Structures are given as structure tokens and as C-alpha cells.
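Below is one structure, written out as C-alpha cells; the observations come after it.
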Amino acid sequence: MLTNSFVLGAAAAHSGVNWGDIIFQLFMFIILMVLLKIFAWGPLMGIMKQREDHVAGEISAAEQSRVEAKKLLEEQRSLLKEARSEAQGLIENAKKQGDIQREEIIAVARTEAERIKESAKLEIEQQKEKAVAAIREQVASLSVLIASKVIEKELNAADQDKLINEYIQEAGEKR
Amino acid sequence: MHHEAPIVTFLGLQFNLANILMITIASAIVFLLAVLSTRRLAMKPTGMQNFMEWVMDFVKNIINSTMDWKDGGRFHILGITIIMYIFVSNMLGLPFSIVVDGVLWWKSPTADPAVTLTLATLIVGLSHYYGVKMKGAGAYGREFFKPFWFMFPIKIIEEFANTLTLGLRLYGNIYAGEILLSLLAAGLATGVGGTLAAALPMLVWQGFSVFVGAIQSFIFCMLTMVYLAHKVSSDH
């Protein structure tokens, strides 16, 4: 009984080959493969491919955005630098402008002061001249007065003639 | 210990109805497993989709280890189907067998040499087909005379040997496993003492058979790819 089971041919205790089984197995396997391809492996492979593409796409997108971000950063940095230098320039300019303005104001003030001083001097000079002239006039009249007083008192006739002549002569010489 | 096979003759062909039944069941299980686990496909895989993707990657690695993916990509579906079908077939006979009136109905379909040799012949046939298709008939024919012309008979014998070993290795492993299981179940487990004595070796052997079944399905798939690569690749 046992030995029977171990004999290869005795597995199916009949004569001949089960061609029906063979054909059926072949048929079933091919059908199974086709069905699985349509209903299971195909979609599964599709989704795996899709995921692969998705991952690849995400990676390239990330790479791209990284490059873009780098570019933007560079741009921002250069802009900032530009703005900074511009601000520096503005400050510099304003300073220069201020300096110039200051110089101008000072110069204007100086000339103004000079002018005022000059005019004051002139005024003073004029006043002085005027005063001197006035004094001279007064002195002249006074001296004439004094002279006339003195002359009235000490002048005799002879002397008076002589003096008059002198005067006349003098006057004649002068003119 | 010996069971009859339910054989009928139809259109002059002998059909073992048990084989027909088990082939159908194995195919249906593989189909349902695959389809149910790929119903809700998502970019972020969950549950069974993960498992199926793992199987796909596993087979992909097997193919990559034997040939270029450029050549081998077309065998991916064949490889997955083979490994799944043979694994499920190997497992079917493990938990129990059903015998009705001395006729064995439930068993592993791969415990029948007709079935395994059919698969092996299919594989070897496909290898020749793709050999001619991808390399051309001339290059395909010249392969038989390499490296020396007098190797030709050996090469011819090799093809048949490949077919036989591929089929019979699987058959032998699974059939032996089932024989031992049925011996343990029916031959030893007679009475309470026998049942108790048989329980432990039964458990051990079933566990070992799961391992053997998995290994055999892997080997079958691996050898399939090796034979295909042998015929398809031009550099070796």
C-alpha cells in the first residue's frame, strides 16, 4: 500500500497521460495571465510608473524651485546692495549740498557784513567831514569876530590903512 | 494511502477532474487576491497594494539578476503570475486534503507531474520563441553550436533536461510533502495515542512544507528567468 504511493507512475493509477489536464492547465494559465495583466498587474504597474514619474517630477520641480529661489535671493541681495549704495550716495550728496549751502550762506553773510561796514564807514566819514566843515566855518567866523574885536581896540588909522592894503593885496594875489 | 483519481475521458482526452478543480481554484484565488488587492490603487500605497508592489519588485529583482531590464521587462507579468500561481498551488494541499470514496479531490495542483511539466514546457517553449524572436533564427540556431560544434547533441539534451528538471523538481517537492502529510494524517493517526504522536511532526512538517512551497515557487520563477535569459541575452 505504501510503496504504491511512492511510485511516480502510481500517482495516478491509470494508464496514459492526462492530456486533458495538460491542455486545461495551459489554457488556464494563459487566461489567468491575460486576466491578471488586464485587471491587476497592468493597473498596478501603471500606478507604480505614475508614482515614479511623480517622484521624478517632484524632484525636478524642487530642484527648479531651489534654483529659482537662489536666483531670487541673488537678485534681492544685489538690489539691497544697490539700495544701500544709493542711500549712501544720497547722504553723501546731501552732505555736500549742505556744505555748499553753508559756504554760500557764510559768504553771503560776510559780503553783507562787509557792505554794511563799508556803508557805515562812509557814513561816519561823511558825518565827520560835515562836522569838520561846520567847525571850520564856526572857527572862521569866531576868528573874524575876535579879530574884529582886537582890531577895533588896537588899530590906529595908519595901521588900519596898512592892513587894508595888505588885505586887498592878498585878495588880489589869491584871485 | 493510495487514492484513486477521478478520471473521465472527454473528446478522447483524459481529464483528471481533481486537477481541473484545483487548477481552477488556484487560478481563482490568485486572480481574486491580485484583483482585490489592486482595487483601490493609490499613489500612497496601503495594505495589500504594498504587498503586491513588493511581489512585483521581488520578481523585478529576480529578472534583473539574470538579464537586462531592457530585455527582461517583457517577462515581468509572466514572472509575477508564475510565482503567485505556483505559491498558491503549493499552499493549497497543505492544510488538508479531501478524499471522497477513496477518490482524492483536494490537493495541490502542483503535486501532479502533468501540471508541473506543462508549466515547465510552457516556459521552455517560451524561451525558444523569444530566442528566435529577439535574436533572429540564425543567431538562435548558432547558439546550439557554441562553444564547439560537437556540443550540439548535449545542447539538445540540455533543453529536454531543463524541461524535465524544472517540472519534476516542483512536482517532487510538493508531492513528497503531501505524501508525508497524508502518511502522518492517515497512517499514523489511528486512535488517540497515534493522533497525539502525529500532531507534533504534522505541525513541523506543515511548517516546513510552507517553507518548501515558497522556496519552490521562487526557484521556479528564478529558473524561468534564467532559461529565458539564456536564450534571449546575447552576452554570456
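The values are calculated or read from the model by the stated rules, or taken from the named source; none is laboratory data. Because the structure is a prediction, the values reported are computed rather than measured. Here the Cβ is made from the backbone with ideal geometry for all residues, glycine too, and neighbour counts use every protein chain on show. The area values use the complete protein model at the heavy-atom level, side chains included, leaving out ligands, DNA and RNA. Shrake-Rupley method; radii C 1.70, N 1.55, O 1.52, S 1.80 Å.
Taking θ as phi - 60° and the Karplus parameters 6.51, -1.76 and 1.60, the scalar couplings of the stretch A:81-91 work out to 4, 4, 4, 5, 5, 5, 4, 4, x, 4, 4 Hz in sequence order, x denoting glycine and proline.
Taken over the Cα atoms of the stretch B:7-232, the convex hull encloses 174 Å³ per residue. Filter the cross-link list A:LYS37/B:LYS146; B:LYS70/B:LYS146; A:LYS130/A:LYS162; A:LYS96/A:LYS117; B:LYS107/B:LYS155; A:LYS130/A:LYS153 down to pairs whose alpha-carbon distance in this structure exceeds 29 Å. From the list (A:LYS37/B:LYS146; B:LYS70/B:LYS146; A:LYS130/A:LYS162; A:LYS96/A:LYS117; B:LYS107/B:LYS155; A:LYS130/A:LYS153), the Cα-Cα distance tops 29 Å for A:LYS37/B:LYS146; A:LYS130/A:LYS162; A:LYS96/A:LYS117; B:LYS107/B:LYS155; A:LYS130/A:LYS153. In chain A, the C-alpha radius of gyration followed by the widest Cα-Cα span (Dmax) gives 68.1, 210 angstrom. Across chain B, C-alpha contacts under 8 Å between residues 6 or more apart give a mean separation that, scaled by the residue count, equals a relative contact order of 27 percent. Semi-axes of the equivalent ellipsoid of the stretch A:114-162 are 44, 8, 4 Å, computed as sqrt(5λ) over the eigenvalues of the C-alpha gyration tensor in descending order.
Counting only protein chain heavy atoms and rolling a 1.4 Å probe, the accessible areas of B:HIS76, A:HIS54, B:HIS230 rank, largest first, as A:HIS54, B:HIS230, B:HIS76. Counting Lys +1, Arg +1, Asp -1, Glu -1, what net charge surrounds B:LEU21 among other residues with beta carbon under 13 Å of its beta carbon? Residues near B:LEU21 contribute -1 overall. Along each principal axis, taking the top coordinate minus the bottom one, the Cα set of the stretch B:122-236 gives 68, 23, 20 Å in descending order.
Across the stretch B:108-117, computed HN-Hα scalar couplings (Karplus, 6.51 cos²θ - 1.76 cosθ + 1.60, θ = phi - 60°) run 6, x, 7, 8, 10, x, 4, 5, 5, 5 Hz from first to last residue, x flagging Gly and Pro.
Just round it to a whole percent: the fraction of Cα-Cα distances in the stretch B:1-119 exceeding 21 Å. Roughly 51 percent, rounded to a whole number. These residues, B:ILE154, B:ILE62, go from largest to smallest accessible area, 1.4 Å probe, as B:ILE154, B:ILE62. Between B:LEU13 and B:TRP106, how high is the FRET efficiency from 1/(1 + (r/R0)^6) when r is the Cβ-Cβ distance and R₀ = 25 Å? Nearest 0.05. It comes to 0.65. Here the protein assembly as shown is described by how far its Cα atoms reach on the three principal axes: 210, 64, 35 Å, from widest to narrowest. For the protein assembly as shown, the antiparallel share of DSSP beta bridges with both residues in that region comes to about 90%.
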